[in-house]
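First the structure, in the form of structure tokens, and then the observations on it.
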Amino acid sequence: MGFRHVLAAAVSTLALAGSANAETLTIGTVNNNDMIVMQSLTGEFTKAHPDIQVNWVTLEENVLRQRVTTDIATKGGQFDIMTIGTYEVPIWSGKGWLAPLEALGPDYDADDLLPPIRSALSTDGKLYAAPFYAESVMTMYRKDLLEKAGLTMPEKPTWAFIAEAAEKMTDKSAGVYGICLRGKAGWGENMAFLGNMARSFGANYFDAGWKPQFESEGWKKAVSLYVDLMTKYGPPGAASNGFNETLSLFGQGKCGMWMDATVAASFVTDPKQSQVPDKVGFAPAPCGIDNCPNEGANWLWAWSLAIPASSQKKEAAETFVSWATSKAYLDLVAKEKGLANVPPGTRQSLYKNAEYLKAAPFAQQTLNSIDKANPAITENKPYVGLQFAAIPEFQGLGTAVGQQMASALSGSVTVDQALAAAQAQATREMTRAGYIK
């Protein structure tokens, strides 16, 4: 799920002044680059709305999730607007915790939102969160290093090809690692990647009867390959690297390949933020089996702005949400930061803009990956979600399993031990919660 380069301290609060009688909105958000940009541009909002002040609370991803979940579950009222994702929306709207977004204004054009994203953020046809940026997953790779290795990226890469390429692209004496992947424990960190990788080998988190699948063939193949690749061809200390840390490594030219959120693409190709901007190629996420589920191993995520149902400032909050997720906001970012750096993945009109497609070499792959991601329930998968399962228990369970996977990556336990522990934890939790009779 993706997530941007850290440009601020782990926790920062920014207050933007308005008039003396202004209403103050407190917004909890993640320390990803797009959100940092939004904070830097908020003066444009307060200029147009002097009766609304904005107070930012910026947190590291795992911390943000804990804070907003606690706040909304207890009706704590700490936040007027929360940055949440496609995991929380179906659960929280079902519990009545979120206010539907019904007054975004005549110019908002909700019909312009990409259908998979709008659907993921809606319940019973009502939008409960507005997407700030959205993503799927892709393979980012160094074209120069792949060429030097005598290889060509296939149109549909397999994990077998990725393993061969990782070996040939690694040059540790030069500080170049063939492959960089998330290792940091967290349901939205290493498990977002590993859950998707397991899907590329035909496995899910749970079978049709909610039995956990961590000891299935697909999970064993995925995690064994992941640990093998990262141990042999990955950077040291990878078990501490989340999205932001891996983004930094790739931007420094230390990674041959990186499979992760499509949202990273504008940063690895930005000369102001990447040392290899003109050397990056893009391909679909790899498959581990001949017929990947769901037309490829795609995930679906949208960092989105939502308003707690208990908020006393709904009108002001919805005014801000509309501004920050509008077409006009994309135009503002294009003007200030360049067209290739607008928040991606949310609006159809962006992908119909010939200038954007020209400025952003990753745009078509991003759109393809999002369009092919279908998080719906199937006969083999009883939950909504791809890289996560949209049930309340998954947040704690996914992080506990993520800690086992990080232990396997760091070498403190074997892959089989980690998967057995994950299976036992998950079976116990799912039985306790009543999913398994």
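Checked against (1) crowded, with 22+ Cβ neighbours inside 10 Å; (2) within 25 Å of Asn62 (Cβ to Cβ); (3) of a type outside the set (Lys, Arg), Gln213 passes all but condition (1). Between Ala103, Ala134, the distinction of being assigned to a loop (DSSP other than H, G, I, E, B) and of a type in the set (A, V, I, L, M) belongs to Ala103 only. Within the range 233-247, being part of a helix (DSSP H, G or I) and either more than 19 Å from Gly186 (Cα to Cα) or touching a helix residue (DSSP H, G or I) at 6+ places or on another chain (Cβ under 7 Å) (or both) holds for Tyr233, Ala238, Ala239, Leu247. Which members of the range 385-417 meet the condition of being in contact (Cβ under 8 Å) with a residue 12 or more places away in the chain and in a loop (DSSP other than H, G, I, E, B)? Correct list: Gly385, Leu386, Gln387, Phe388, Ala389, Ala390, Ile391, Pro392, Glu393, Gly411.
Counting only residues that are buried (at least 18 other Cβ atoms within 10 Å of the Cβ), assigned to a strand (DSSP E or B) and at pLDDT 95 or above, the range 24-43 holds 5 of them. Regarding the range 370-389, can at least one residue be identified that is at pLDDT 95 or above, closer than 26 Å to Ala306 by Cα and not assigned by TED's automatic domain parsing to the domain that holds Trp187? Yes - at least one qualifying residue is present in the range 370-389. Give the number of residues within the range 137-167 that are buried (at least 17 other Cβ atoms within 10 Å of the Cβ) and over 27 Å from the mean Cα position of the chain (by Cα). The total comes to 1. The criterion of at least 2 residues that are touching a strand residue (DSSP E or B) at 6+ places or on another chain (Cβ under 8 Å) and among the small types (Gly, Ala, Ser) is met, among helices (runs of 4 or more DSSP H) falling completely within the range 284-352, by 314-324.
Against the numbered list (1) part of a loop (DSSP other than H, G, I, E, B); (2) among the polar types (S, T, N, Q); (3) assigned by TED's automatic domain parsing to the domain that holds Thr319, Ser119 comes up short only at (1). Residues in the range 356-389 that are buried (at least 16 other Cβ atoms within 10 Å of the Cβ) and more than 30 Å from Lys335 (Cα to Cα): Lys372, Ala373, Pro375, Lys381, Pro382, Tyr383, Val384, Gly385, Leu386, Gln387, Phe388, Ala389. The residues in the range 64-83 that are assigned to a helix (DSSP H, G or I), more than 18 Å from Val263 (Cβ to Cβ) and either hydrophobic (A, V, I, L, M, F, W, C) or more than 24 Å from the chain's Cα centre (by Cα) (or both) can be counted, and the count is 3.
When Val89 is tested against (1) within 30 Å of Arg182 (Cβ to Cβ); (2) assigned to a strand (DSSP E or B), just one condition goes unmet, and that condition is (2). On the given criteria, is Pro286 in contact with a Phe, Trp or Tyr (Cβ under 8 Å, 6 or more places away or on another chain), buried (at least 21 other Cβ atoms within 10 Å of the Cβ) and either in the same structural domain as Arg199 (by TED's automatic domain parsing) or among the hydrophobic types (A, V, I, L, M, F, W, C) (or both)? In short, yes. Residues that are within 30 Å of Glu393 (Cβ to Cβ) and either in a loop (DSSP other than H, G, I, E, B) or touching a residue at least 40 places away in the same chain (Cβ under 8 Å) (or both) are absent from the range 141-157. If you filter the range 288-303 down to residues that are touching a Ser or Thr at 6+ places or on another chain (Cβ under 7 Å), among the small types (Gly, Ala, Ser) and within 21 Å of Ile117 (Cα to Cα), you find that the one that is modelled with the lowest pLDDT is Ala297. Among the residues of the range 44-63, those identified as at pLDDT 95 or above, in a helix (DSSP H, G or I), surrounded by 14 or more Cβ atoms within 10 Å (Cβ to Cβ) and not β-branched (Val, Ile, Thr) are Glu44, Phe45. Residues of the range 162-174 that are within 18 Å of Met140 (Cβ to Cβ) and small (Gly, Ala, Ser): Ala163, Ala165, Ala166.
The values are calculated or read from the model by the stated rules, or taken from the named source; none is laboratory data. What you see is a predicted model; the values in this text were computed from it and never measured. All Cβ positions, even for glycine, are placed from backbone atoms using ideal geometry, and neighbour counts span all protein chains on display.
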